[in-house]
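The values are calculated or read from the model by the stated rules, or taken from the named source; none is laboratory data. If you're wondering where the values come from, they're calculated on a predicted model, not measured in any experiment. Don't worry about glycine lacking a Cβ; one is built from the backbone with ideal geometry, like all the others, and counts go over all protein chains shown.
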Amino acid sequence: MNLVIEFIHEHILAIDFALFILIWLVQLVIYPVFHFVSERDFSTWHEIYCKRIAYFVLPLMFAQLFESSAACFFVGTWLEWIKLFLILSVWLVTFLISAPCHHKLSKFGMDKIVISKLVLTNWIRTILWTMITLVSYFQY
């Protein structure tokens with residue numbers, strides 16, 4: 001287990017930066033494109049997007065949470081606790097706001113109001129992951 005913790009800890013800046021790039025790509029390119037996919041193709045396109053993006057996002061999010069929790073336990077300075085708070089905030093927004101929006105889109109198909117809510121509320125995650133990356137950089 002120590003090797004896993006050390007490996008993730010040594011690469012956490014890269015992990016945080018990957019999520020930073022990914023969230024900005026989602027915010028500025030992917031989510032806005034939801035408005036332009038045809039209603040006929042939206043459900044299929046959205047299903048493919050959700051399955052494929054999960055392969056990238058979920059392992060990175062779990063690694064980020066795991067490393068931050070370990071850092072709070074082993075180091076415990078205020079920067080580690082701030083970063084953990086930011087990460088937990090991302091998880092809350094993801095699973096309380098973004099995931100329900102995606103569920104509605106999966107269940108009912110294209111809905112411009114839900115898409116707009118997704119784009120707007122995703123700014124919260126974009127700002128949080130930007131702050132996480134800045135804290136990670138200062139820790140580095």
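In the stretch 104-126, is there at least one residue being under 11 Å from the mean Cα position of the chain (by Cα) and of a type in the set (A, V, I, L, M)? The answer is yes; a qualifying residue exists. Residues in the stretch 33-52 that are surrounded by 14 or more Cβ atoms within 10 Å (Cβ to Cβ) and either in a helix (DSSP H, G or I) or within 14 Å of the chain's Cα centre (by Cα) (or both): PHE34, PHE42, SER43, TRP45, HIS46, TYR49, CYS50. In the stretch 1-28, the residues that are closer than 14 Å to LEU65 by Cα reach residues that are outside any helix (DSSP H, G or I) and at pLDDT below 95 with C-beta atoms within less than 7 angstrom, at least six apart or across chains, in these pairs: LEU13/TYR140. Taking each residue of the stretch 127-140 that is closer than 9 Å to ILE23 by Cβ and looking for partners that are assigned to a helix (DSSP H, G or I) with beta-carbon atoms closer than 6 Å, six or more apart or interchain, yields LEU128/LEU86; LEU128/SER89; LEU128/VAL90; TRP129/LEU19; TRP129/PHE20; TRP129/ILE23.
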